[in-house]
1. So, in the range 139-148, exactly how many residues are under 21 Å from PRO15 (Cα atoms) and crowded, with 17+ Cβ neighbours inside 10 Å?
2. Which condition from (1) farther than 28 Å from ARG86 by Cα; (2) at pLDDT 95 or above; (3) not aliphatic (A, V, I, L, M) is the one that GLY4 breaks?
3. So if I check each of ALA166, ALA193, ALA151, which one is exposed (fewer than 12 other Cβ atoms within 10 Å of the Cβ), within 27 Å of GLU22 (Cβ to Cβ) and at pLDDT 50 or above?
4. What do you reckon, is PRO125 loosely packed, with under 14 Cβ neighbours inside 10 Å and either part of a helix (DSSP H, G or I) or free of Cβ contacts under 8 Å to residues at least 12 places away in the same chain (or both)?
Amino acid sequence: MTAGTVVVRGHALVPGEPDQLEVALTVSAVEDSAASALTAAARLSGELVAVLSELAVPDRARSTSGLTVREEFERIEGRWARRGYRASNQVVVRLHEPDRIGRLMSESVARARARVDGPRWRFKPDNPARAEACRQAAADARRKAEAYAGALGLRLGNVLKVAEPATDHDSEAGLAPALLRDAPGPTDMQVRAGHLDVEATVEVTFALEPGSASDG
């Protein structure tokens, strides 16, 4: 017989050493017609792909949004005026070693007129710090539940449900700006990882049983 349930959230921050470098490269072109904008953006995308191939970035390390096109407007003297059409494509590159990042960024800008977002360090899914953060979050949830149960004169029962709630940090979880060291030129850029924590949050539902823990 249960005396009810208690739902608690456990949270943990675990420091770790990031093992993946991420940079987003976006090419775009504005033209009078959608067709010409797509043609221009496709040419720039091809140049970007050539840069990636020359630097031996494997296909599995790239994720591409695909070409998109939309109308482009600008505000002139208080009114919106159509400039034409903007076609764009974004390629996100994830590297395990930072030695090519300087040349990748500089040549993408010079040859494909790419806009660069990053680089940022992140944790790979199998990084041990991720599992440790989950373990500590679960332990934190149990500690909280035991405190609630004891204060109410009850005992903590079985786990009934476990869930990972969405948080505002999900889109940026495991990301930190890369720190760039001074170098003679952009192709010689050196990158080192900054401080980075893995955050984990878990929501656990426990059964509550009559009697306090000290009764056992």
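1. Of the residues in the range 139-148, 2 are under 21 Å from PRO15 (Cα atoms) and crowded, with 17+ Cβ neighbours inside 10 Å.
2. So GLY4 meets the others, but not (2).
3. ALA166 is the lone residue from the list that is exposed (fewer than 12 other Cβ atoms within 10 Å of the Cβ), within 27 Å of GLU22 (Cβ to Cβ) and at pLDDT 50 or above.
4. Values: loosely packed, with under 14 Cβ neighbours inside 10 Å: yes; either part of a helix (DSSP H, G or I) or free of Cβ contacts under 8 Å to residues at least 12 places away in the same chain (or both): yes.
So PRO125 passes the test.
To keep it simple, each residue is scored yes or no on (1) surrounded by fewer than 16 Cβ atoms within 10 Å (Cβ to Cβ); (2) modelled with pLDDT under 95.
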| residue | (1), (2) |
| --- | --- |
| GLU17 | yes, yes |
| GLN20 | no, yes |
| THR26 | no, no |
| ASP32 | yes, yes |
| LEU38 | no, no |
| LEU52 | no, no |
| ARG70 | yes, yes |
| TRP80 | yes, yes |
| ALA87 | no, no |
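The values are calculated or read from the model by the stated rules, or taken from the named source; none is laboratory data. As the structure is a prediction and not an experimental result, all values here were calculated from the model. Neighbour counts are summed over all protein chains in view; Cβ atoms, including those assigned to glycine, are modelled from backbone coordinates with ideal geometry.
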